[in-house]
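Accompanying notes for the structure given below.
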């Protein structure tokens, strides 16, 4: 499967899949299929030697990338930063960015976007332990 597929959806949750990440190619945005209202999440791959076809920045969303496998570079305001499996990269909205796969296997990553400065509660302050 090379696309995002909704498996189950109710009023309280949605479950989707892109299938086996080792064979996934391209990029899948999950906002519309999961119905998220506070963030965008995408799963992406770059083939060996390829890069995102454009540089970009955001008006208000910061991004966090989690590299699942492969090696590459993030070009952040003109500076190359090496990444590999396990790297986590946060990028402020105004930073110009691009990504390139530098290894012999695809660069596979998750990208999470959220409005910068909007996190008011998190894990310990937002979670409610149920008895």
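The single condition from (1) assigned to a strand (DSSP E or B); (2) modelled with pLDDT under 95; (3) under 16 Å from residue 111 (Cα atoms) that residue 6 fails is (3).
For the range 52-87, name all the residues that are farther than 29 Å from residue 117 by Cβ, surrounded by 14 or more Cβ atoms within 10 Å (Cβ to Cβ) and more than 15 Å from the chain's Cα centre (by Cα). First the steps, then the outcome.
Quick first cut of the range 52-87, residues farther than 29 Å from residue 117 by Cβ only: 53, 69-71, 84-85.
Of the ones still in play, those that are also surrounded by 14 or more Cβ atoms within 10 Å (Cβ to Cβ) are 69-71, 85.
Listed by number, the list holds a single entry, 71.
Of the strands (runs of 3 or more DSSP E) entirely within the range 52-131, those holding at least 3 residues that are farther than 21 Å from residue 22 by Cβ occupy 61-69, 71-76, 79-84, 88-91, 107-115. Among what's in the range 88-131 and is within 24 Å of residue 56 (Cα to Cα) and free of Cβ contacts under 8 Å to residues at least 24 places away in the same chain, pick the residue that is surrounded by the fewest Cβ atoms within 10 Å (Cβ to Cβ). Only one residue tops the list, namely 117.
The values are calculated or read from the model by the stated rules, or taken from the named source; none is laboratory data. Note that the coordinates shown come from a computational prediction; the quantities given were computed from them, not determined experimentally. All Cβ positions, glycine included, derive from the backbone under ideal geometry; neighbour counts span all protein chains shown.
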